[in-house]
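Notes follow the structure.
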Amino acid sequence: PRPLLFISDLHLSAAIPHTVAAFERFITVTADSADSVFVLGDLFEYWIGDDMLAADPFAARIAALLHTLSERGIALYVMHGNRDFLLGKRFMKAAGAIWLPDPFVMTAFGTRIVLAHGDALCTADRKYQTFRRIARLRALQLLFLASPLKWRRALAERMRVSSEEGRTRPPSPLYDVTNDGVEALFRSSKTSTMIHGHTHRPAHHYETSGTRWVLPDWDFDHGTHRGGYLRVDAEGIRALPLD
Ligand code: OKV
Ligand code: MN
């Protein structure tokens with residue numbers, strides 16, 4: 001049986017062509033022998049509405065690239081991240097994707113696995129959790145989506161700049177998952193295997209209630225070669241670099 005591949009946190013935009021090229025290679029070459037591809041959030045650097053597909057050639061190009069998966073009989077599942085939680089039905093159709101709620105429990109090769117983006121597990125970051133609760137109100141989303149694309153772009157740009165200003169080196173534990181968040185998800189999902197992204201701290205952890213795999217973020221544009229994916233098959237779960 002063919003493997004399942006998991007990726008997240010590509011943060012794609014036209015400004016990072018080498019990362020886009022690595023993703024193109026992953027979709028056309030690496031994924032060609034897979035059963036399915038799971039994108040666990042933050043495929044895009046930002047997403048301010050599905051009308052981007054008509055207004056932004058880059059967005060349309062990525063959707064068309066993803067659509068080649070379903071054309072080859074490879075299933076594509078897309079979960080929202082903290083940046084692209086406005087990816088909607090029109091995008092899913094253009095990409096040939098099936099939307100997954102966060103969290104989502106699946107069974108792969110006989111093992112129950114809980115999938116999440118990971119931002120909801122960062123419970124120590126109270127400021128972010130407040131933003132998350134507000135920005136996920138459906139009424140507020142509809143109001144935002146009804147405003148001119150130009151305004152939405154301006155707000156996205158301001159938010160991007162201020163979030164980059166707030167970034168710290170070394171990364172603060174405030175922006176990592178908490179033990180409370182992880183244990184609560186193991187308990188509510190009745191699983192002992194978890195896969196998530198978001199924190200940009202790729203690892204395999206043995207927690208109190210199970211095993212936790214953290215996906216890497218991708219960046220081939222800032223003098224770095226970061227990226228990779230998880231492969232799940234009959235042998236188990238394995239972290240792999242890009243070829
Ligand atoms: C998303 C983040 C930019 C982090 C706004 C309602 C409200 C949605 C929105 C606006 C911003 C998503 C949709 C974006 C996340 C950033 C920068 C940092 C840390 C509203 C619904 F409240 F304003 F009406 N947004 N965009 N960041 O540009 O994609 O998560 S975004
Ligand atoms: Mn994220």
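Taking K and R as +1 and D and E as -1, what net charge do the other residues with C-beta under 10 Å from the C-beta of His18 add up to? Don't skip to the answer; put the middle values down first.
Values: positive: none; negative: Asp219, Asp221.
Net charge around His18: -2.
For segment 117-181, which trypsin sites (Lys or Arg not before Pro) are both in a DSSP coil and crowded by at most 16 other Cβ atoms within 10 Å?
Those that pass, being in a loop and sparsely packed, are Arg136, Arg167.
What is the sum of charges, Lys and Arg at +1 and Asp and Glu at -1, for the other residues whose Cβ falls under 12 Å from the Cβ of Ser192? Don't skip to the end; give the middle numbers.
Numbers: positive: Arg112, Arg187, Lys190, Arg212; negative: Glu183, Glu207.
Combined, the nearby Lys, Arg, Asp and Glu give +2.
May I ask you to list the aspartates and glutamates whose Cα is less than 13 Å away from that of Lys150, ignoring any residue fewer than eight positions away on the same chain?
Qualifying aspartates and glutamates at Cα under 13 Å: Asp51, Asp56.
Grab the other residues whose beta carbon is less than 14 angstrom from that of Glu157, score K and R as +1, D and E as -1, and report the net. Don't skip to the end; give the middle numbers.
Values: positive: Arg83, Lys150, Arg152, Arg153, Arg158, Arg160; negative: Glu45, Asp56, Glu164, Glu165.
Its environment carries a net charge of +2.
Within the accessible area of segment 95-139, what % is carbon and sulfur when the probe is 1.4 Å and the other protein chains stay in place? Don't skip to the answer; put the middle values down first.
Values: 1540 of 2400 Å².
Roughly 64 percent, rounded to a whole number.
Would you please classify the overall shape of segment 136-224 from the alpha carbon gyration tensor, given that a ≥ b ≥ c denote the square roots of the eigenvalues, rounded means a/c under 1.5, and beyond that prolate means a/b larger than b/c while oblate covers the rest? Numbers along the way, then the final one.
Values: a/c = 2.58, a/b = 1.50, b/c = 1.72.
Since a/c reaches 1.5 but b/c is at least a/b, the shape of segment 136-224 is classed as oblate.
Take the alpha carbon atoms of the chain, find their radius of gyration, then divide it by 2.2 N^0.38 Å using N residues; give the quotient. Please report the intermediate quantities before stating the final value.
On the way: Rg = 17.3 Å, N = 243, 2.2 N^0.38 = 17.7 Å.
Compactness ratio reported: 0.98.
May I ask you to derive the relative contact order of segment 202-243, considering only C-alpha pairs under 8 Å and at least 6 residues apart, and to give it as an integer percent? Walk me through the numbers on the way to the answer.
On the way: 54 pairs, mean separation 10.0, N = 42.
Normalised by residue count, the contact order of segment 202-243 is 24 percent.
How would you classify segment 67-160 from its alpha-carbon gyration tensor, with a ≥ b ≥ c the square roots of the eigenvalues: rounded for a/c under 1.5, else prolate if a/b is greater than b/c, otherwise oblate? Could the numbers behind the result be given before it?
Working: a/c = 2.64, a/b = 1.30, b/c = 2.02.
Oblate shape, in that a/c is at least 1.5 and b/c is the bigger or equal ratio.
Would you work out what percent of the accessible area of segment 201-243, with all protein chains in place, is carbon or sulfur (probe 1.4 Å)?
Ligands and nucleic acids excluded, carbon and sulfur give 51 percent.
Given an 8 Å cut-off on Cα distances and at least 6 residues of separation, report the relative contact order of segment 23-141 as a percent. Walk me through the numbers on the way to the answer.
Working: 156 pairs, mean separation 29.2, N = 119.
Over segment 23-141, the number comes to 25 percent.
Considering only protein heavy atoms and a probe of 1.4 Å, how much of the accessible area of segment 1-73 is carbon and sulfur, as a whole percent? If you can, show how the numbers build up before the last one.
Working: 1540 of 2600 Å².
Reported share for carbon and sulfur atoms: 59 percent.
What area, in nm² and to one decimal, does the C-alpha convex hull of segment 1-128 cast on average over all directions?
Details: hull surface 33.7 nm².
Across all orientations, segment 1-128 yields a mean hull projection of 8.4 nm².
Only helical DSSP H runs with n ≥ 4 go in: add -39500 (n - 2.57) per run for the chain, normalise by residue count and round the 222 nm mean residue ellipticity to 500 deg cm²/dmol.
The helix-only estimate for the chain comes to -10500 deg cm²/dmol at 222 nm.
Only helices at least 27 Å long along their own axis, judged from Cα atoms, and with Kyte-Doolittle mean hydropathy of 1.0 or greater: name those in the chain from DSSP H.
Values: long enough: none.
Result, helices passing both filters: zero.
Using Cα-Cα distances under 8 Å and only pairs 6 or more residues apart, what relative contact order does the chain have, in percent? Could the numbers behind the result be given before it?
Values: 439 pairs, mean separation 56.8, N = 243.
It comes to 23 percent, rounded to a whole number.
What is segment 83-122 by shape, rounded, prolate or oblate, if you read a ≥ b ≥ c off the alpha carbon gyration tensor as root eigenvalues and call it rounded for a/c under 1.5, prolate for a/b larger than b/c, and oblate otherwise?
Values: a/c = 3.90, a/b = 1.36, b/c = 2.86.
Note, shape of segment 83-122 comes out oblate.
With every protein chain left in place, what is the accessible area per residue of the chain in square angstrom, probe 1.4 Å? Intermediate values should be presented prior to the final figure.
Working: 12260 Å² over 243 residues.
Computed with neighbouring chains in place, this is 50 Å² per residue.
The values are calculated or read from the model by the stated rules, or taken from the named source; none is laboratory data. Values in this document were obtained by computation on a predicted structure and should not be read as measured data. Ideal geometry is used to build each Cβ from the backbone, glycine not excepted, and the neighbour counts take in all protein chains shown. These area figures cover heavy atoms from the full protein model, side chains too; ligands, DNA and RNA do not enter into them. Shrake-Rupley method; radii C 1.70, N 1.55, O 1.52, S 1.80 Å.
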